[in-house]
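Asker: This structure is in structure tokens; I'll ask about it shortly.
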Amino acid sequence: MLSDSHCHLQFNGYNENREEVIKKCLEKGMLLNIIGTQFNTSKKAVELAETQEGFHATIGLHPVHINTAEIDEEESHFVTREEKFIKDDYRELARSKKVVAIGECGIDLFHIPKNIPIKEILDKQKKEFIKQIELAIELDLAMVIHVRNSDSKELPNAYEEVLEIFNCHPELVSGSRGTIHCYGGNSSQAQEFLSLGFSIGITGIITFPARKNNPKPTEDLIEVVKNTPIEKLLIETDSPYLAPQAYRGKQCEPWMTKEVAKKIGEIKGLSTDEVINQTSKNFKEIFKT
């Protein structure tokens, strides 16, 4: 059974072909975790998950939506609107049995508002992140954690900031479980997350060729996959973004996680089917489906 532990099937990018994509996923008998990034997309994730067997939802507030910021990347361009995580609103959404996690929440230092001190941005992100951790513990839900570094070496390391939160608040660790989505840290940081009980989410980025002028991120990610037990890995797309290399230039769809499984198998000396079967088992255990 193929799984996608992180997709945004409710996003506007699928407005023209959502039913077609859903049909493909159903034909493959997929397990999906449809991820919200703010209240309205969380609500849509729940509504979509409730329409199909094997579809599940994660509800939460992405760190880029905590401030107003311009998001300008190859696959998306929009301006975020400032929003707060209101526990009562999300607690009501979580009444649906389809809700399996809180997120995606965490720390993002890649997209940061201009003319706001970095300490102020970090303090605000941490405050909203901790509220979401608390709700996940209260409701016995997993967490889907977003961590993204800046390209600037002058800014703090987002992975270290998240680890510091858990290290400084042991009461948040004992009741926590979940995944570090679209992992982009180093192997040492990955081992720290594993020691805290989290799993590591791997996207189509693992299939991308290393950049000639900066191969280290690819080398680090391969090292993470090598050193992480297969029982602690999840496969994901982050669709409609980050299509694996075999589909670059096309809309990313959840079933493309097979390419991620194939690459993980090559790195770890496992068959694609072994990776698919184990990561689906991991999905069920982490999200209690």
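The values are calculated or read from the model by the stated rules, or taken from the named source; none is laboratory data. This is a predicted model, so every value here is computed, not measured. Backbone-built Cβ (ideal geometry, glycine too); neighbour counts: all protein chains shown.
Asker: Which of the residues spanning segment 1-28 are among the hydrophobic types (A, V, I, L, M, F, W, C), closer than 19 Å to LYS284 by Cα and touching a strand residue (DSSP E or B) at 6+ places or on another chain (Cβ under 8 Å)?
Answerer: Of all residues in segment 1-28, those among the hydrophobic types (A, V, I, L, M, F, W, C) come to 1-2, 7, 9, 11, 21-22, 25-26.
Keeping just the survivors that are closer than 19 Å to LYS284 by Cα gives 1-2, 7, 25-26.
Passing the criteria: MET1, LEU2, CYS7, CYS25.
Asker: Step by step: first the residues of segment 26-49, then only those that are touching a Phe, Trp or Tyr at 6+ places or on another chain (Cβ under 6 Å) and more than 24 Å from LYS87 (Cα to Cα), then the one that is surrounded by the most Cβ atoms within 10 Å (Cβ to Cβ). Which residue is that?
Answerer: Initial filter on segment 26-49 (touching a Phe, Trp or Tyr at 6+ places or on another chain (Cβ under 6 Å)): 28, 31-32, 49.
From what's left, more than 24 Å from LYS87 (Cα to Cα): 28, 31-32.
Details: LYS28: 15, LEU31: 23, LEU32: 28.
That would be LEU32.
Asker: Which ones in segment 196-217 are modelled with pLDDT of 95 or more and in a helix (DSSP H, G or I)?
Answerer: Of everything in segment 196-217, those that are modelled with pLDDT of 95 or more and in a helix (DSSP H, G or I) turn out to be GLY204, ILE205, ILE206, THR207.
Asker: Oh, and also: What's the number of the only condition in (1) without any contact (Cβ under 8 Å) to a residue 40 or more places away in the chain; (2) crowded, with 23+ Cβ neighbours inside 10 Å that GLY204 fails to meet?
Answerer: The failed condition is (1).
Asker: Scan GLU223, GLU236 and give me the residue that is closer than 18 Å to SER199 by Cβ, without any contact (Cβ under 8 Å) to a residue 40 or more places away in the chain and surrounded by 13 or more Cβ atoms within 10 Å (Cβ to Cβ). Working first, answer last.
Answerer: Values: GLU236 fails: without any contact (Cβ under 8 Å) to a residue 40 or more places away in the chain.
Sole residue among the options that is closer than 18 Å to SER199 by Cβ, without any contact (Cβ under 8 Å) to a residue 40 or more places away in the chain and surrounded by 13 or more Cβ atoms within 10 Å (Cβ to Cβ): GLU223.
Asker: For the list (1) within 21 Å of ILE276 (Cα to Cα); (2) of a type in the set (S, T, N, Q); (3) surrounded by fewer than 18 Cβ atoms within 10 Å (Cβ to Cβ), I need the number of the one condition that ASN214 fails.
Answerer: So the condition that ASN214 fails would be (1).
Asker: Please state which one of ILE264, ILE200, ILE205 is more than 17 Å from the chain's Cα centre (by Cα), under 26 Å from ILE107 (Cβ atoms) and aliphatic (A, V, I, L, M).
Answerer: Values: ILE200 fails: more than 17 Å from the chain's Cα centre (by Cα); ILE205 fails: more than 17 Å from the chain's Cα centre (by Cα).
Being more than 17 Å from the chain's Cα centre (by Cα), under 26 Å from ILE107 (Cβ atoms) and aliphatic (A, V, I, L, M) holds for just one of ILE264, ILE200, ILE205, which is ILE264.
Asker: Consider LYS127 against the criteria (1) free of Cβ contacts under 8 Å to residues at least 24 places away in the same chain; (2) of a type in the set (Lys, Arg); (3) under 25 Å from GLU47 (Cβ atoms): it satisfies all of them except one. Which criterion is unmet?
Answerer: Only one criterion is unmet by LYS127, namely (3).
Asker: Looking only at residues that are in contact (Cβ under 8 Å) with a residue 40 or more places away in the chain and not hydrophobic (A, V, I, L, M, F, W, C) in segment 249-261, which one is nearest to VAL100 (Cα to Cα)?
Answerer: Looking only at segment 249-261, we keep the residues that are in contact (Cβ under 8 Å) with a residue 40 or more places away in the chain, and these are 251-261.
In the following step, the residues that additionally are not hydrophobic (A, V, I, L, M, F, W, C) were identified as 251, 253-254, 257-259.
Details: GLN251: 26, GLU253: 21, PRO254: 18, THR257: 20, LYS258: 23, GLU259: 25 Å.
Selected residue: PRO254.
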